[in-house]
Every structure is written in C-alpha cells, then in structure tokens.
1. Mind checking which residues of the stretch A:211-228 are in contact (Cβ under 8 Å) with a residue 40 or more places away in the chain and either polar (S, T, N, Q) or crowded, with 24+ Cβ neighbours inside 10 Å (or both)?
2. State whether the residues of the stretch B:185-199 include one that is in the same structural domain as B:Asp67 (by TED's automatic domain parsing) and either closer than 23 Å to B:Gln242 by Cβ or in a loop (DSSP other than H, G, I, E, B) (or both).
3. Looking at the stretch B:135-153, is at least one residue within 14 Å of chain A (Cβ to nearest Cβ), buried (at least 23 other Cβ atoms within 10 Å of the Cβ) and assigned to a helix (DSSP H, G or I)?
4. Of these, A:Ala108, A:Ala103, A:Ala78, A:Ala51, which one is at pLDDT below 95 and away from chain B (no Cβ under 14 Å)?
5. Could you run through the stretch B:117-131 and say how many residues are more than 26 Å from the chain's Cα centre (by Cα) and of a type in the set (Val, Ile, Thr)?
6. Please determine whether any residue of the stretch A:144-159 is at pLDDT below 95 and either more than 14 Å from chain B (Cβ to nearest Cβ) or outside any helix (DSSP H, G or I) (or both).
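The values are calculated or read from the model by the stated rules, or taken from the named source; none is laboratory data. Computed from a predicted structure; not experimentally measured. Quick reminder, even Gly has a Cβ in these numbers, built from the backbone with ideal geometry, and neighbours come from all protein chains shown.
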Amino acid sequence: MLNPVAAIGRVVLSACRVVGELALFALEGLSHLLRPPFYARLFLRQLIEIAYFSLPVVSLTAIFTGMVLALQSYTGFARFNAEGAVANVVVLSITRELGPVIASLMVAGRIGASFAAEIGTMRVTDQIDALTTLSTNPMKYLVTPRLLAGVLALPFLVLVADILGVMGGWLIGTTKLGFNSASYLKATMDFLEVMDVVSGLAKAAVFGFVITLMGCWCGYNSRGGAQGVGAATTSAVVASSILILAFDYILTEMFFAR
Amino acid sequence: MTGVIPKIRLRGLAKAFGEKRVLDGVDLDIRAGHGMVILGGSGSGKSVTIKCILGLITPDAGTIEVDGRDILAMPRREREELNDRIGMLFQNGALFDSLPVWENVCFKLLAQKRITRAKARDKAAEVLAQVGLAASVGDLSPAELSGGMQKRVGLARAIAAQPDIIFFDEPTTGLDPIMGAVIDGLIVDVVKRLGATAVSITHDMASARRIGDDAAMLHKGRIVWTGPASVLGESGNAMVDQFARGDREGPIQMELRR
C-alpha cells in the first residue's frame with residue numbers, strides 16, 4: 001500500500017476502466033438509435049425539457065455575457081484607440097467560444113444534474129430493474145432519447161445564445177459606449193464568417209452529447225440510496241463541466257489551429 | 001416431482017460479489033402452477049436468486065432452466081420472449097413516478113404494442129379492479145398512493161400482461177398485518193386465476209403460509225430445506241423451525257459485532 005508506483009498503477013488502471021466503461025455505455029446508447037423500437041414520445045419530452053425549459057437561463061446568461069464583454073473590451077481597446085474593434089471582438093468571442101461554452105455550462109448544471117438525479121433515483125428504487133422485467137431495455141428507454149435530444153437541443157440553444165449575446169453587446173455599445181447602431185451592426189456582420197457560427201454549433205452538439213452522456217452515466221451507475229444519488233448528481237455536473245472545457249480546446253484546435 | 005419437468009430448475013447456482021460469496025451452489029425445483037416461498041435471513045441470497053432468474057444478475061456458475069430450457073444459454077431474443085411471460089412485484093413497488101398509475105399498470109402491454117394508448121386506460125381500470133382499486137386511481141401519480149395501494153398497483157402491473165411466472169419480492173414488507181393479509185389474498189387469487197407459477201421471497205411467516213404451496217430455506221448461499229409451506233415451524237428441520245418461530249437460540253447464529 002505504501003508503494004507509490006503501485007498506487008499510481010492502481011489509479012491509471014482505474015481511470016482506464018472508467019474510460020472503457022463510459023465508452024461502452026456511450027456506444028450502447030448510440031446503437032439503439034438504429035434499432036427499433038424508438039421512443040419518439042420520450043425523445044420529444046426530453047427535447048422540450050432541454051431546449052425549451054433551458055431558454056430562460058441560457059438567454060439571460062448570454063445577454064449579460066455580451067454586455068460585459070462589450071464593456072470590458074471597450075475599456076481595454078480604448079487604451080490603444082481601437083474602440084472600433086469592440087463589435088468584432090464581441091461577435092467572434094460569442095459565436096466561437098462564449099456562446100457554446102457558457103450555454104453548455106448552464107445546461108450542464110440544469111440538465112446534467114436533473115438526469116443524474118432522476119436516473120439515479122430510478123436505479124436505487126429498482127425502477128431500472130423493473131423496466132427490464134417489463135420487456136423494456138433501460139438503455140433504449142432512458143439513455144438514447146436523452147442523448148439524441150441533447151445533441152439536437154444544444155445547437156439550438158447556442159444559436160439563441162449567439163443572437164442574444166451579440167444583442168447584449170450592441171445594447172451596451174449603442175446606449176452606453178456611444179456607438180452608432182447601424183455601424184455597430186455593420187461591423188458585426190462584416191467580421192462574422194459562416195465558419196464562426198458553424199464551429200460554435202458543432203461544439204454545441206458535442207457538448208450536448210457530453211452533458212447528457214455524463215448525466216445518464218452517473219445516474220445509471222449510482223449506488224447506495226440518497227447519498228449515492230447526491231454523489232452521482234455532483235459527479236455529473238463536475239465531470240461534464242470539465243469535459244466541456246477540455247473538448248472546447250480540442251475542437252478549437254481542430255477548427256481554427258493553423 | 002420425479003419425472004415431471006419443473007417450471008424452474010436451479011442447479012449449482014453460484015454468485016459472488018468481490019470476496020463475498022452470496023450464492024454457493026443453489027439447487028431448487030419449482031413446480032408449475034404452484035407457489036414457492038423462498039425463506040432466509042437478510043443477506044442469505046434470496047433477492048440475488050430471483051434476480052439471477054430474471055436476468056438482472058448473471059450468475060458465476062450453475063444453470064437456470066425454465067420449462068426444461070437453460071435460459072443462460074438462450075439467444076437474446078428468446079430470452080426477451082421468456083421475460084415477456086414473467087411478472088415481478090418489487091419490494092418497494094418500483095412504480096415509475098414519472099408516469100400516472102394507468103400507464104404504470106399497462107406499461108408492458110404498451111411496450112409490446114399489444115394495446116393502444118387509447119385502450120390502455122380501460123385495460124388499466126379492469127386490472128386495477130382485480131386488485132381492489134377504483135378506476136379513478138389510474139389517474140393518480142404513484143407518489144399520491146399509500147404503501148398498500150402502491151403494492152396493489154405493483155401487483156396490477158405484474159399481472160396485467162397475464163404472465164405465467166410471477167415473482168414477489170417481500171410482498172407484505174412495510175404493511176400492517178391486515179393490509180398484508182389483503183395483499184396475500186390478492187396474490188393467491190390472481191395467481192390461481194392466471195394458473196401461474198409464483199415464486200415469493202419473504203420474512204413474514206404468516207404470509208409464507210398463506211401464499212406458498214412449497215417452501216425452501218436458503219442459508220449461507222445454499223438451500224438447506226424444501227418442503228410444504230404448511231409445515232413451517234414444525235418441519236423437523238432445526239434451522240427452518242428456528243427461523244419460522246423467530247427463536248434467538250438455535251443453529252442459525254446471527255453475525256453480530258459487539
């Protein structure tokens with residue numbers, strides 16, 4: 001037990017085991033997309049839960065982020081007489097990074113926790129075993145509709161966040177920083193490229209998969225009653241938040257590294 | 001039972017969780033159309049035995065035959081078809097709290113598309129009536145039901161698809177003696193009406209005598225006695241009689257740490 005090499009080995013093996021289990025879990029969840037029966041009603045319910053009911057929190061966060069971004073960038077650029085770049089910085093930051101990341105972090109807190117708690121409670125109260133005895137595959141019933149809903153809902157939310165984030169910057173730019181409305185919008189549109197938005201939406205789809213996967217996986221594997229469900233909920237939010245930031249870097253490298 | 005193929009036959013069933021050997025070679029025959037009660041102390045492996053038969057846990061060794069066929073060697077589709085013929089009443093009901101009672105009751109029929117959602121409500125009302133509940137209960141959420149009503153709804157769900165094998169996990173646990181007797185009476189009635197084979201696990205001796213034709217005692221992962229449920233308490237087996245009478249002294253020593 002005192003051998004540090006053995007301790008490191010145990011940690012590495014344990015990490016490999018968890019990654020392997022998670023990968024198999026994800027593959028099984030995805031494989032049910034191709035095999036009937038399909039639970040359209042459950043998918044729609046999850047889509048509404050993620051896309052519609054997350055709109056207020058994502059919208060508010062995006063507006064305030066755009067507002068703060070305009071204020072901060074103006075303060076910084078004013079030192080170099082480059083205030084005109086505010087619109088450019090706001091739109092690029094929002095569409096490429098802040099829109100996808102902040103919206104996803106908000107959804108991770110709301111949906112990741114909710115999925116982990118709901119599925120975890122079902123696990124510890126035998127409801128998942130009951131599904132099996134009722135001729136229903138729990139992965140197909142619980143996990144697959146959520147994964148699909150997450151992948152489709154997050155790009156929609158990020159598109160909304162992009163629009164509202166830019167609007168937040170425009171609001172501050174025109175009411176507080178003295179920009180002309182038409183020239184601010186023109187600068188915004190001049191610098192915006194299709195790839196900026198598309199990369200953000202692609203990131204959102206990946207983040208949506210990560211959030212729903214971690215929520216489902218932590219819940220599905222929870223053990224030990226209320227404490228276990230609480231631990232699963234915490235793990236789902238923490239793990240998906242870290243993975244969102246890690247995948248953000250990887251995807252940014254893929255899209256924009258030269 | 002010689003010459004007659006039992007409905008369920010277990011041979012050498014073994015299961016360990018880490019160092020703990022829960023089942024250590026369980027041999028048991030369960031007659032078709034009869035009620036078998038499996039007795040045993042907490043942690044003796046009763047639930048694990050049932051979960052192995054249901055396919056919720058994979059045993060480490062041994063065979064499980066249903067109607068003479070080894071279900072552990074069955075192809076997945078055949079195993080699913082077998083599960084379609086099995087009902088299960090979980091100890092805590094394991095009702096799906098996201099669904100109303102009527103949808104819980106008809107869950108299996110809906111999953112197998114043997115009934116439309118439009119007709120499921122009427123079917124649920126019919127099955128609820130068989131367990132002594134009014135049709136209006138169908139519109140309630142499981143959280144709105146008392147413990148006894150949850151057991152009855154769980155029983156209704158277990159029998160709705162007219163299974164030919166039904167498992168009961170501690171059907172009277174947590175109920176007052178009168179409600180326990182009511183549930184036992186319902187179990188006996190529905191099992192007789194369906195002509196099903198019933199397998200129950202319980203600590204409740206009064207319940208065991210009411211719902212069981214046969215009984216088996218599981219101790220330290222092995223079946224130590226089988227016989228008629230009617231002789232429990234005066235079976236001639238010291239372990240069974242001690243357990244049935246709840247005597248502190250006897251061959252079964254509880255592992256208590258002081």
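1. Scanning the stretch A:211-228 gives A:Ile211, A:Thr212, A:Leu213, A:Met214, A:Gly215, A:Cys216, A:Trp217, A:Cys218, A:Gly219, A:Asn221, A:Ser222.
2. Narrowing the stretch B:185-199 to residues in the same structural domain as B:Asp67 (by TED's automatic domain parsing): B:185-199.
Remaining after also requiring either closer than 23 Å to B:Gln242 by Cβ or in a loop (DSSP other than H, G, I, E, B) (or both): B:195-196.
Yes, there is a match, as at least one residue in the stretch B:185-199 is in the same structural domain as B:Asp67 (by TED's automatic domain parsing) and either closer than 23 Å to B:Gln242 by Cβ or in a loop (DSSP other than H, G, I, E, B) (or both).
3. Yes, because at least one residue in the stretch B:135-153 is within 14 Å of chain A (Cβ to nearest Cβ), buried (at least 23 other Cβ atoms within 10 Å of the Cβ) and assigned to a helix (DSSP H, G or I).
4. Numbers: A:Ala108 fails: at pLDDT below 95; A:Ala103 fails: at pLDDT below 95; A:Ala51 fails: at pLDDT below 95.
Step by step, each of A:Ala108, A:Ala103, A:Ala78, A:Ala51 is checked, and only A:Ala78 is at pLDDT below 95 and away from chain B (no Cβ under 14 Å).
5. 0
6. Within the stretch A:144-159, the first condition is being at pLDDT below 95, and the residues that meet it are none.
For the stretch A:144-159, residues at pLDDT below 95 and either more than 14 Å from chain B (Cβ to nearest Cβ) or outside any helix (DSSP H, G or I) (or both): absent.
Here is a yes/no grid of residues against (1) within 14 Å of chain A (Cβ to nearest Cβ); (2) free of Cβ contacts under 8 Å to residues at least 12 places away in the same chain:
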position	(1), (2)
B:Glu65	no, no
B:Met74	no, yes
B:Arg79	yes, no
B:Asn83	yes, no
B:Ala94	yes, no
B:Ser98	yes, yes
B:Trp102	no, no
B:Ala120	yes, no
B:Glu126	no, yes
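Here's the yes/no breakdown for (1) more than 18 Å from A:Leu201 (Cα to Cα); (2) among the hydroxyl-bearing types (Ser, Thr, Tyr); (3) surrounded by 20 or more Cβ atoms within 10 Å (Cβ to Cβ); (4) touching a residue at least 24 places away in the same chain (Cβ under 8 Å):
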position	(1), (2), (3), (4)
A:Gly76	yes, no, no, no
A:Asn81	yes, no, no, no
A:Val91	no, no, yes, yes
A:Thr95	no, yes, yes, yes
A:Gly99	no, no, yes, yes
A:Pro145	yes, no, yes, yes
